[in-house]
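Input: a single structure, listed below in structure tokens.
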Amino acid sequence: MSRLLVTGSEYRTIPLACQLFQSSEPLPLDCGRSLETFQIAYQTYGELNADKTNAVLVCHALTGDQHVADRHPITGKPGWWETLVGPGKPVDTKRYFVICSNVIGGCMGSTGPASINPATGKPWGLDFPVITIDDMVRAQSRLIEHLEIPDLFCVIGGSMGGMQALEWCASYGDRVFSAMPIATAARQSSQNIAFNEVGRQAVMADPEWRAGRYLEEGTTPAKGLAVARMAAHITYLSDEALHRKFGRNLQNRQKITFGFDADFQVESYLRHQGISFVDRFDANSYLYITRAMDYFDLAADFGGVLANSFTGTKARFCLVSFTSDWLYPTRESRAIVQALNAVAANVSFVEIDTDKGHDAFLLHEPELFATVRGFLESAGAKRGLTAAEEGISGEGI
Amino acid sequence: MTAYQDRATFASAQTAQHRIDLLLIAGMVEDGARVLDVGCGTGELLKLLEEKKKVDGRGIELSQSGVNFCVAKGLSVIQGDADHDLVNYPDWAFDYAILSQTLQATTRPKEVLQELLRIARHVIVSFPNFGHWRIRSQILFKGRMPMTWNLPEPWYQTQNIHFCTIADFRELCVVVGAKIERSFALSPHGRPLGSRVPPFLHNIVAQQAVFLLTADEKPPTD
């Protein structure tokens, strides 16, 4: 595994313990433009078997990256899905070859608005073409071809990662054996577009944003991006979870101050979330990736009929939703299940009872772990994947 | 103990009683068939069909805990309601649709049966026979709604809302245009009644019945 530098982000150099796929073949984009060259930073875990039948593509959510199951080079924290992915865990890296790539438009080594525009020698900024979920998946499919994997055993992801999993099935159905879209939707709701717009406006209202050219001007729209993150973070939780965690407890004080300091613990928590996010995420990437989610509407390319996007699919599907997720509520998953039923696809659907909100897919949720493990093992049996030599560990359940 | 573990315990306790009629149902299904089990509970029949018949099996179950238990076991199951969700499936999506001890719990049994005859080439229905002599005698002599070993709940909390007898079901088959390919009357232990019991007595002595149906008129294929 080679150590590389993020070449796109001139304002900081991040040591990356990951691999890089560079393509000089143009990538056509939905907006009509194309990227003449692009690169994708990715991470792999486990071994590809001789038949190349055990590859699992893990797709990350809005602000995730390729570090799904190893220590994050900037934050020093465990991988974002280390609860689920690893040796003996539900996505067992002793059995499966796990690939996680940073999406196109991202800022952890993949080509995005912070990368250098070859035409100008300066960071792209807002000259970067607007990308879609479909574009992200098209770039990923190039990576999978580069790895010489004919078809994926499973595409799994939560939230925006779930959108990518669905797009994989619609665009490259013959290259997907099974799919697990978790806490997601087949199209971005009006409410979610609204929340994303609040975030983008916060970024763009920051004077340090400089019309998107902050990298050249040596500034960082940290306040705007932090506010965007704070607003978004509320949508990832639930009222019950916030109440359980913080209630109306005061932060390091006995009584309210009659001012605008962070009197309440919940305020302090959000400020921390906002500030720490700025350290690891590029503001323009935030604009582009939220836009990609807003534009996502799987049925739109198929005459507005969602079922048509799955016509003839041979893939096995397992959808998961959470009862307290108000960003991607159960009815969104159910609409996908109905569309899959309409084409008689092989589909499972589990709704998990939890008060942790949308973020539940990233947290300790034993029922999620059992679902992922059960689904992958069963699909693995159909695929002819044999169990790991060490046997199946109960760890992670 | 979670709800689905409860159900697992319940399922294993019931296994001994149910095994025989489930085996009977499994015996009607061709190898490798596409099967939809409506009201699949904890997936006992689906599991049996996958193991014995290598079917491509799917399930619909009303209780979320039952669904989650099934999916964790590797079965393809969704949460859903036979009364409303069958309409989503295309014609002849399955070789077999199975209603094992579910028909009497549906709100609209006739429409459910019609939908199943549309989405599957064959429909297998098993149900408790309300014409059994114990049930008849409980109503006749006690004047009370009957409770038996396989219908143990009192009337006010049972999920079963549309009971029928074997004779009633045969009539329903005529109404919905279903052809009865095979039928079995079962003893309390789930065994088919032997040849010593003449057919005209089945509606009195059978505790449950299993029917294999096909639609009189096939839906158009594409």
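The values are calculated or read from the model by the stated rules, or taken from the named source; none is laboratory data. Predicted model, so just to flag it, every value in this text is computed and none were measured. Note: ideal-geometry Cβ built from the backbone for every residue, glycine included; neighbour counts use all protein chains shown. When the accessible area is computed, the model is the full protein with side chains, heavy atoms only, and any ligands, DNA or RNA have been set aside. Shrake-Rupley method; radii C 1.70, N 1.55, O 1.52, S 1.80 Å.
Odds and ends about this structure:
- The range A:247-263 - phi-based ³J(HN,Hα) in whole Hz, Karplus 6.51/-1.76/1.60, Gly and Pro as x: x, 10, 5, 8, 9, 6, 7, 8, 9, 5, 9, 6, x, 10, 5, 6, 5
- Percentage relative contact order, chain A, counting C-alpha pairs under 8 Å, at least six apart: 18 percent
- The label-point distance for B:Asp83 and B:Arg182, in a model that sets each label 7 Å from Cα toward Cβ, rounds to 3.2 nm.
- Label-reachable residues, the range B:88-112, where backbone N falls under 13 Å from a point 7 Å from A:Lys382's Cα toward its Cβ: none
- Remark: the protein assembly as shown carries 43 Å² of accessible area per residue (probe radius 1.4 Å; ligands, DNA and RNA excluded).
- The range A:287-360 and the range A:49-96: distance between their alpha carbon centers, rounded to Å: 22 Å
- Label point distance in nm, A:Gln191-A:Asp355, each placed 7 Å from Cα along Cα→Cβ: 1.9 nm
- Accessible area buried between chains B and A, both sides summed, probe 1.4 Å, in Å² to nearest 100: 1700 Å²
- Selection from B:Gly41, A:Gly157, B:Trp149, by position along the positive dipole direction of the protein assembly as shown (Cβ): B:Trp149
- When nucleic acids and ligands are ignored and a 1.4 Å probe is applied, B:Ser100 ends up with an accessible area of around 20 Å².
- Neighbouring Cβ atoms from other chains, within 10 Å of the Cβ of residues in B:93-99, number 1 on average.
- Rounded to the nearest 20 debye, dipole of chain B from Cβ charges on Lys, Arg, Asp, Glu: 860 debye
- By DSSP, the beta bridges lying fully in chain B are antiparallel in about 45 percent of cases.
- The stretch between B:Leu201 and B:Asp216 holds 2.7 nm of extra length on full extension. This uses 0.36 nm per residue minus the Cα-Cα distance.
- Shown in residue order for the range A:343-349 are the 3J(HN,Hα) couplings computed by the Karplus curve 6.51 cos²θ - 1.76 cosθ + 1.60 at θ = phi - 60°: 10, 6, 6, 7, 9, 10, 8 Hz (x for Gly and Pro).
- B:Gly57 long-range amide H proximity, modeled H, under 5 Å: B:Val35
- Contact residues in the range A:354-383 by the 20 Å² criterion (accessible area, 1.4 Å probe, full protein complex versus chain alone): A:Glu367, A:Ala370, A:Thr371, A:Gly374, A:Ser378, A:Lys382.
- Taking every C-alpha pair closer than 8 Å and separated by at least 6 residues, the mean separation divided by the residue count of chain B gives a relative contact order of 19 percent.
- For the peptide A:311-318, the mean number of other protein chain Cβ atoms found within 10 angstrom of a residue's Cβ is 1.
- Taking θ as phi - 60° and the Karplus parameters 6.51, -1.76 and 1.60, the scalar couplings of the range A:116-131 work out to 7, 6, x, 6, 10, x, 10, x, 4, x, 6, 6, 4, x, 5, 10 Hz in sequence order, x denoting glycine and proline.
- Whether the range A:125-243 is rounded, prolate or oblate, judged on the alpha carbon gyration tensor where a/c under 1.5 counts as rounded: oblate
- Accessible carbon and sulfur surface of the protein assembly as shown relative to its total accessible area, %, 1.4 Å: 53 percent
- Residue-averaged [θ]222 nm for chain A, counting only DSSP H segments that reach four residues, each worth -39500 (n - 2.57): -10000 deg cm²/dmol
- Dipole in debye (nearest 20) - the range B:165-204, about Cα centre, beta carbon charges: Lys, Arg +1; Asp, Glu -1: 180 debye
- Ordered by 1.4 Å accessible area with all protein chains kept, A:Glu240, A:Glu167 run largest first as A:Glu240, A:Glu167.
- Averaged over B:59-71, number of beta-carbon atoms from partner chains that fall within 10 Å: 4
- Note on B:His189 and B:Trp155: with the Förster distance fixed at 22 Å, the Cβ-Cβ geometry gives a FRET efficiency of about 0.30.
- DSSP-defined antiparallel bridges as percent of all bridges, the range A:62-183, nearest 5: 20 percent
- Shape call, the range A:211-272: gyration tensor on alpha carbons, a/c limit 1.5: oblate
- Placed amide H near A:Thr132: partners under 5 Å, 5+ positions off or other chain: A:Asp30
- Cα gyration tensor shape for the protein assembly as shown, rounded if a/c is under 1.5, else prolate or oblate: prolate
- Point-to-point label distance, B:Glu51-B:Arg108, nm (Cα→Cβ direction, 7 Å offset): 3.7 nm
- Given their separation in residues at 0.36 nm each and the Cα-Cα distance between them, A:Leu48 and A:Leu126 gain 24.2 nm when the chain is fully extended.
- Mean separation of Cα pairs under 8 Å and 6 or more residues apart, divided by the residue count, gives the range B:25-114 a relative contact order of 31 percent.
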